[in-house]
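Every number in this text was worked out from the coordinates using simple rules, so none of it is lab data. Remember, it's a predicted structure, so these values are computed and weren't measured experimentally. Positions of Cβ are generated from backbone atoms using ideal geometry, with glycine treated the same way; all protein chains shown enter the neighbour counts.
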Amino acid sequence: MQQPQPKPPSPSEDKRWKLVNATMRRHGYAAHALIETLHSVQEAFGFLDEIALRFVAESLDVPLSKVYGVATFYHIFMLKPKGRHTCVVCTGTACYIKGADALLAGIHTRYDINTGDTTADARLSVLTARCVGACGLAPAVVVDGDVFGKLTTDSLITKLEALD
Amino acid sequence: MHPEDLAEKAAQFRAEEAAIKREVRVCMAASCQSSGAQPVLTALTEICGDGKGMCHVKGVGCMGLCSAGPLVAVADKDCDLADSVLYRDVTPADAPDIMQSVCGAPVERLRCSTEQPFFARQQRIVLENCGLIDPDSFKDYVAVGGYSALVKALSEMTSTEVLREVTTSGLRGRGGGGYPTGLKWSTVAKTPGAQKYVICNADEGDPGAFMDRAVLESDPHRILEGMMIAGYAIGANKGYVYVRAEYPLAVERLQTAIRKAKGAGFLGHRVADTQFSFEVEIRLGAGAFVCGEETALMASIEGLRGQPRPRPPYPAEAGLWGCPTLINNVETFANIAPIIRNGGAWFAGIGTEKSKGTKVFALAGKINNTGLIEVPMGTSLRDIIEQIGGGIPDGRAFKAVQTGGPSGGCIPAAHLDIGVDYDSLKTLGTMMGSGGMIVMDDSACMVDVARYFMEFCMTESCGKCIPCRAGTQQMHGLLDTIAKGEGTRADLALLAHLCEVVQATSLCGLGQSAPNPVLSTLRYFREEVEAKLVGE
């Protein structure tokens, strides 16, 4: 019988790796747990760095190229750190019709950042989503996980300014 | 377990709450939560107390009228939405007045009529429990007849009889394609295989569609029940729900439902004390539109990049890990329990000749009543937009309604009287899609809208086949040129030609339907497009 591969040690003492290991263990370290594991890494650390990708590849016995392929294929996975706050502007059809572009332009004017960027002081990242399903409240944004609807550029900027 | 045992259980759950005469229901679906429903629920609960009196405050699922949220309904226990006193735009400061109204006169300043067409014209089958029951409560679901279809199927019907009822119902896939559900189930049932899978496609990727989200957030047990009935009918013991990571609340409620159903013995080993076992696992999407395509979705469950593969073989023959797999969308599964409860013939009596039952639509865009509605198939677009939707705001004129997401098209005012079903929308050059309807007023630029959808398809193309990968890029470039007023007649001709090529040669539905928004724009708004050309 084939001996199971010994699992690599966690990259650091950081307790958050325990969460990642728990996810992989729950799926029996199967290769098909890759996406679930990457979700787990991102939830724990906020983004996927090279150390994490290498660790997951080795643990699940999946080539690093495949791990990188999956991590870059799906929009939700971030390969660089985000700011302390994130603002996801929904660009679904309903939000588009109701002025998502104006919201993005407003953010650009105030903070001088475009989609995918983070402010120099690492305070705020701005992202876009294809549709967050809050079409009834368009235009909508998700600030740090909370959805806000029926926004204007002014009300959005006021909200973002109020973040610490 | 027999149906009588379950009925007894349901009666017992109802008896536990017999002291409660009136209910204050607060919509806790994602949309109302975004509008501030949580503080309203907290304020009402504080005033009401421990809930041991005759009145009970509870969080429920979607009531539909998202634009008026947060919504609160005050009703006699067991009364549905139509018979309740509904309040709109509620704030925590309104809580004392609302609690006062439980035993007194309604608070007129907050009233939202349930007699208006938005509510009165609906026929709720899929959404029957939404806004009534607490989605996190197993008891609530059973008390309104939940799991009775499953127990009926397991204890009184053979798998062939289940297949027959679903076939008789005439139900067609609600994910967009409209493939007959009974036929799909029968094919998987007939395919030999020791291991089969049931997949619920909850990767509601069409922008402008949020029906599945509402069902998952409001009535999650309903989906589990539908999946288990499917598993019994086709001979599968394992199911996956592939749900978008963008819907955290839906994921949370589904997890709770799975845990509670398992705890009560209605999921897992020996479901409801029968020989049938069924496990369900949730898999999170990761923000790839193409994963709504069934073969891409299965690749994603297998932990791979979500790239489609050619069909045949169809998932019914070789699906997840090469095993026969049944894949249906959320709304399709939500229709199963009532079909088994009431019979396929009952369901077939609703709707049009070729499209049976009801359809849930998400109304959004430039329309007064945004939210979710459920109407019989065949209801006219005019009824939906002018009556139920309450028309166009700000005194502007209707210009077009977009259906089918990036795979669909825009329908102009001239065709508003058509009854909506799978086939009528197809003849108009669009499609049902999953049910998103985005209304545009006369301020919309149709070239810009077509460019928007092409940009969407271009970015979401998985890159596997050339027609889609390169074609969407080229079409987007041409549309951009035209939108900027720099396009020529030759550009327009090239665009139309590319549409045909991409439609005919792309590998999967994403590419094949990517030209649809452009084609429908050229069909109904050609003058507007031509007016943008150089020298016109």
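Taken about its Cα centre, region A:85-161 carries a charge dipole of roughly 260 debye when the Cβ of each Lys and Arg holds +1 and the Cβ of each Asp and Glu holds -1.
Taken about its Cα centre, region A:31-146 carries a charge dipole of roughly 280 debye when the Cβ of each Lys and Arg holds +1 and the Cβ of each Asp and Glu holds -1. The alpha carbon centroids of region A:25-90 and region B:1-27 are separated by 44 Å. Exposure proxy ranking for B:ARG309, B:ARG109, B:ARG222, based on other Cβ atoms within 10 angstrom of each Cβ and starting from the fewest, stands as B:ARG109, B:ARG309, B:ARG222. Computed 3J(HN,Hα) for region B:345-353, one whole-Hz value per residue from the Karplus formula 6.51 cos²θ - 1.76 cosθ + 1.60 where θ = phi - 60°, is 5, 4, 5, 5, x, 10, x, 9, 4, glycine and proline marked x. Reported value for region B:446-530: 71 Å³ per residue, from the convex hull of its C-alpha atoms.
Treating each Cα of region A:16-73 as one equal point scatterer and applying the Debye formula with no solvent, the log10 of I(q)/I(0) at q = 0.12 Å⁻¹ comes out as -0.21.
Count Lys and Arg as plus one, Asp and Glu as minus one, and take only other residues whose Cβ is under 14 Å from that of B:PRO39; the net charge is then -4. Going by alpha carbons, how many degrees (0 to 90, nearest 10) lie between the helix axis of A:16-26 and the longest principal axis of chain A? Tilt of helix A:16-26: around 60 degrees. Could you list log10 I(q)/I(0) for region B:1-65 at q = 0.17 Å⁻¹, which the Debye formula gives when each Cα is one point scatterer? Evaluating at q = 0.17 Å⁻¹ gives log10 I(q)/I(0) of -0.72. Each of A:THR115, A:VAL62, B:ALA400 was placed along the dipole of the protein assembly as shown (beta-carbon charges, centred on the mean Cα), and the one lying farthest toward the positive end is A:VAL62. Beta bridges assigned by DSSP with both partners in the protein assembly as shown are antiparallel in approximately 50 percent of cases.
Inter-part distance, region B:282-313 to region B:351-418, computed on C-alpha centroids, equals 30 Å. Scaling against 2.2 N^0.38 Å puts the C-alpha radius of gyration of the protein assembly as shown at 0.94.
In degrees between 0 and 90, to the nearest 10, how far off the longest principal axis of chain A does helix A:50-60 point, with axes built from Cα atoms? Rounded to the nearest ten degrees, it is 50. Projected onto planes of every orientation and averaged, the convex hull of the alpha-carbon atoms in region B:19-113 covers 5.3 nm². Ranking B:GLY61, B:THR91, B:LEU71 by Cα position along the charge dipole of region B:1-100, where only Lys, Arg, Asp and Glu carry charges on their C-beta atoms, puts B:THR91 farthest toward the positive end. Shielding value for A:26-37 is 3, the average number of Cβ atoms from other chains within 10 Å of each residue's Cβ. Between the helical axis of A:64-73 and the longest alpha-carbon principal axis of chain A there is an angle of about 20 degrees. Working from label points 7 Å from Cα in the Cα-to-Cβ sense, the B:ASP448 to A:LYS15 distance is 5.1 nm. Placing unit charges on each Cβ (+1 for Lys and Arg, -1 for Asp and Glu) gives the protein assembly as shown a dipole about its Cα centre, and among B:PHE361, B:ALA296, B:ILE47 the Cα reaching farthest toward its positive end belongs to B:ALA296. Across region B:358-441, the convex hull enclosing all Cα atoms gives 73 Å³ per residue.
Within chain A, the percentage of alpha carbon pairs spaced more than 28 angstrom apart rounds to 35%. In units of the compact-protein estimate 2.2 N^0.38 Å, region B:145-291 shows a Cα radius of gyration of 1.03. Over every Cα atom in region B:104-186, the radius of gyration and the widest Cα-Cα span, Dmax, amount to 18.3, 55 Å. So if the hydrodynamic radius of region B:223-340 is defined as the Kirkwood radius over C-alpha pairs, what does Stokes-Einstein give as its diffusion coefficient at 37 °C and 0.692 mPa s, in µm² per second? Once the numbers are plugged in, D ends up at 219 µm²/s.
Placing one identical point scatterer on every Cα of region A:85-161 and ignoring solvent, what is log10 I(q)/I(0) from the Debye formula at q = 0.22, 0.25 Å⁻¹? Values, matching the q order: -0.91, -1.18. In whole angstrom, note down how far apart the Cα centers of region B:61-137 and region B:165-180 are. After rounding, the separation between the Cα centres reads 32 Å.
Take each residue of peptide A:86-96, count the partner chain Cβ atoms within 10 Å of its Cβ, and average: the result is 6. With both labels modelled 7 Å from their Cα along Cα-to-Cβ, the B:ALA493 to A:HIS27 distance reads 5.2 nm. When only the Cβ of Lys, Arg, Asp and Glu is charged (+1, +1, -1, -1), the dipole of the protein assembly as shown relative to its Cα centre reaches about 1260 debye. Arranged from fewest to most other beta-carbon atoms within 10 Å of their beta carbon, B:ARG259, B:ARG244 become B:ARG259, B:ARG244.
Across chain B the C-alpha pair distances fall into 10 Å bins from zero in the proportions 4, 18, 27, 26, 16, 7, 2, 0 percent.
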